Structure formats: structure tokens, C-alpha cells
Amino acid sequence: MCAEAVDLARAAAKEAAAPGVVGEHVAVVSEGDRVVTHYFECKDPAYRGWRWAVTVARASRAKNVTLDETVLLPGDDALLAPEWVPWSERLRPGDMGPGDLLPTEADDLRLEPGYTGDDEPPPNSPVSGELAELVESEDAELTTRPGTPRRGSIASVADELGMRRARVLSRYGLYAAADRWDEGFGAKTPMAQAAPATCVSCAFLVPLAGSLKQAFGVCANEFGPADGHVVSLSYGCGGHSEAAVMPKPPKPAPHALDTMQVDEYPLRPARDSGSVPAEPDAPSEDLGHS
Ligand code: SF4
């Protein structure tokens, strides 16, 4: 009786759905004793592959089939929303914009405690608890103004050295950064493979501080492909400072000044030189008559 109650199920589906979106009867499934679900095609274009599921039931010894529930359920080829992913897993490099805040987890594997200001001696420290307390009490006597760094404390020394950060990169964080940088500007990139020399010998390489300087530096070649990026020392490009040094333009020889010899500069062209006709000889004077 439940399986035959298609009209009842269709009427219930039409009542729940928008007009004209309940299609053909596509399946009937037995859910248990005297409980059956009828499936109808959903013709709403926004719910492609979904089906109206109307469950009907008949009570024991009853003669009527009654309606249980009407729902819209996805079929095998239904168009579904992608599975929800937490924002921290969805975040990609470059997603952050101005004003965004990116919180880091308290137990972020990339970080580990730095100088926190707590002068608690580590468990294996040779400084005993009593000695630490003695130093504390001496500090308290010597430090009169509030806010003055305590003499000789780890925090004050770290402050002076510019090393007082609550957390620093862990070994894992260092390795992860090194892997990432090596992937972008490392020896295996096509640019490095075709480079005439590596960054380690390039004048444009600015060294890093810390342990990463063993393998990385910052490129400062304005015209290079990695300007402002951290590059592996085994990276390289055609802009290497020594790869192709421009030849200097030829310099003309200096003027030679000879002040020892006399150069003749005739005021008139020589007679046999050509175009100017020679002047007739002047009559010779008779020097025999005075
Ligand atoms: S100019 Fe090229 S070779 Fe020189 S440091 Fe930059 S990337 Fe390396």
C-alpha cells in the first residue's frame, strides 16, 4: 500500500516545492516495515541531480497510508557545494590585504619560544634556584625606579642585543622557509640552469644574518629577475655582476706638444703647388751704381 501511494507522495512534494519543479517519479525505496520513500525528479535548474524524497508510512493494522516527511535530497550526480574547509587551510600566499590580521596558533610548529623575559633557569642549567633568587634580590635592591631593566637579567641583555622576541622561528620553520625559497629561486630553476655563474660570486648578493646565510642571500640587482627576493647561493641569472663586463670605450691618445722644433707655416702657397699664378720677378737693381 505504501509503494502504491505515489499520488499521495507527489501531492506532498508539490506542496513543499515551488510550482513546476516536481518531475517524474524515479524510484521507490523500502525503509523498513510499512515505511517507503518515493523519489521524484527535481526540475529546478539550481538543484541539478537532486530529488524530492517523500516518505510515507502505514501504521500497524491501519488501512490508510500517511505522510511522514518531504525533503530535497542530493542524488548520485547532484551538484553539491564543495566540502567546507577551515579558513586557516584555505589561506594561500598573497591572500592577505592591507588591514588584514593573520593570527598564528599558540602551538604553531613554525615558531618556538624566544626570550620571554622569564629568567627561569632551564631544567639542566648549572644555575641553581637559590643563586637565581640571590641575583633577584640584589637586582631588587639596585633597581630603584620602576621599569628599569634588571641588571644582568637575560631579558635586559636580550633587549640590548635586539633579540627580545616572544617567539622565534623553530627549526621546522627555518627548513620550511628554506625549502620554499629554494623552490622559487634555487639551483633547479630554469633561470639558474642557464646562468653563467651562481649568486655566491655575484656583487649584487646581499648576505643574510643567522643560520640561513649559509645558503641564502638577497638579490639587489634592479634589472635581475630576483630583485628584492631571497635567493639561494646556488641560484644565478644572466645579470651576474661578473658574467659579462662591458668593455670600456677606447680612449683617444693625448695631444703631443713639441716645443723644440720650428714648424714652417708659409704665408703663401708654394709656387709649384698649383692654382695661384706665379708673380713676375721684380727687375734686379744695379747695385754697381751708387
Ligand atoms: S643578479 Fe642574478 S646572479 Fe646576481 S645575485 Fe641577483 S639573481 Fe643572483
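The values are calculated or read from the model by the stated rules, or taken from the named source; none is laboratory data. What you see is a predicted model; the values in this text were computed from it and never measured. Note that we place each Cβ from the backbone using ideal geometry, even for glycine, and neighbour counts take in every protein chain shown.
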- Hey, among 151, 165, which residue is assigned to a loop (DSSP other than H, G, I, E, B), modelled with pLDDT under 85 and farther than 26 Å from residue 229 by Cβ? 151
- Go through the residues of the range 85-107 one by one and say whether even a single one is β-branched (Val, Ile, Thr), surrounded by 10 or more Cβ atoms within 10 Å (Cβ to Cβ) and either more than 30 Å from residue 170 (Cβ to Cβ) or in contact with a Gly (Cβ under 8 Å, 6 or more places away or on another chain) (or both). no
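Tally the residues that are in a loop (DSSP other than H, G, I, E, B), over 22 Å from the mean Cα position of the chain (by Cα) and within 10 Å of the ligand (Cβ to nearest atom), restricting the search to the range 185-200.
4
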- Message: So, in the range 185-201, exactly how many residues are in contact (Cβ under 8 Å) with a residue 40 or more places away in the chain and surrounded by fewer than 14 Cβ atoms within 10 Å (Cβ to Cβ)?
- Response: 3
- Message: Being more than 11 Å from the ligand (Cβ to nearest atom) and either out of contact with any strand residue (DSSP E or B) (no Cβ under 6 Å at 6 or more places or on another chain) or acidic (Asp, Glu) (or both) is the filter here; which residues of the range 201-214 pass it?
- Response: 209, 210, 211, 212, 214
- Of the residues in the range 219-228, those that are more than 8 Å from the ligand (Cβ to nearest atom) and within 24 Å of residue 169 (Cα to Cα) number 1
- Item | Selection within the range 25-69 - closer than 12 Å to residue 6 by Cα, surrounded by fewer than 17 Cβ atoms within 10 Å (Cβ to Cβ) and touching an Asp or Glu at 6+ places or on another chain (Cβ under 7 Å) | 26
- In the range 230-252, what residues are modelled with pLDDT of 90 or more and either surrounded by 19 or more Cβ atoms within 10 Å (Cβ to Cβ) or within 8 Å of the ligand (Cβ to nearest atom) (or both)? 230, 231, 232, 233, 235, 236, 237, 238, 239, 240, 241
